[in-house]
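The next block holds one structure in the form of structure tokens; read it before the comments.
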Amino acid sequence: MTDTNKTIILDQPIKRGEQTITEITLRKPSAGELRGVPMMQLMQIDVAALAIVLPRITTPTLTTADVNGMDPADLMQAGLEVCTFLVPKAQLAASQPV
């Protein structure tokens, strides 16, 4: 796994028909995948903004309905990872404890 991908084990699996999704992998979004979403809303872990972006960057690909039905703890974990992707590496390194 690289710093451009992050796998999250879901506390509450997502049921989609016969499929049960127990983990998702988030890929660092490109600028185009952020279109139509104010980055500040993503940094605030806004549910509506995540419902737009997560289907663009998850494997397996989540639907908007999947995102809207996620357990709040799982959505928060995904949102925090998205936020981490948006912070420059130098700033992340500076915020790490020594």
Nearest 10 degrees, 0 to 90: what angle lies between the long axis of helix 47-57 and the longest principal axis of the chain (Cα atoms)?
-> 90
Net charge of neighbours whose Cβ lies under 12 Å from the Cβ of residue 15, counting Lys and Arg as +1 and Asp and Glu as -1 = -2
Decide, for the chain, between rounded, prolate and oblate: order the square roots of the alpha carbon gyration tensor eigenvalues as a ≥ b ≥ c, take rounded if a/c falls under 1.5, and otherwise choose prolate if a/b is larger than b/c, else oblate.
-> prolate
Near residue 28, within a Cβ-to-Cβ distance under 12 Å, what is the net charge of the other residues, with Lys and Arg +1 and Asp and Glu -1?
-> +1
Could you state the angle between the C-alpha long axis of helix 72-86 and the longest principal axis of the C-alpha atoms of the chain, as a value from 0 to 90 degrees rounded to the nearest 10?
-> 40
Regression test value, accessible area per residue of the chain, probe 1.4 Å, units Å², expected 60
Surrounding charge for residue 85, neighbours by C-beta under 15 angstrom, Lys/Arg +1, Asp/Glu -1, total +2
When the helices in the chain are scored as -39500 (n - 2.57) per DSSP H run of 4 or longer and the sum is shared across all residues, what 222 nm value do you end up with, to the nearest 500 deg cm²/dmol?
-> -12000 deg cm²/dmol
Relative contact order of the chain (C-alpha contacts under 8 Å, at least 6 apart) in percent is 29
On the accessible surface of the chain, probed at 1.4 Å with all protein chains in place, carbon and sulfur together account for a percent value of 57
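The values are calculated or read from the model by the stated rules, or taken from the named source; none is laboratory data. All values reported here derive from a predicted model rather than from experimental measurement. Here Cβ is always computed from backbone atoms with ideal geometry, including for glycine, and neighbour counts include all displayed protein chains. For accessibility, only protein heavy atoms count, side chains too; no ligands or nucleic acids. Shrake-Rupley method; radii C 1.70, N 1.55, O 1.52, S 1.80 Å.
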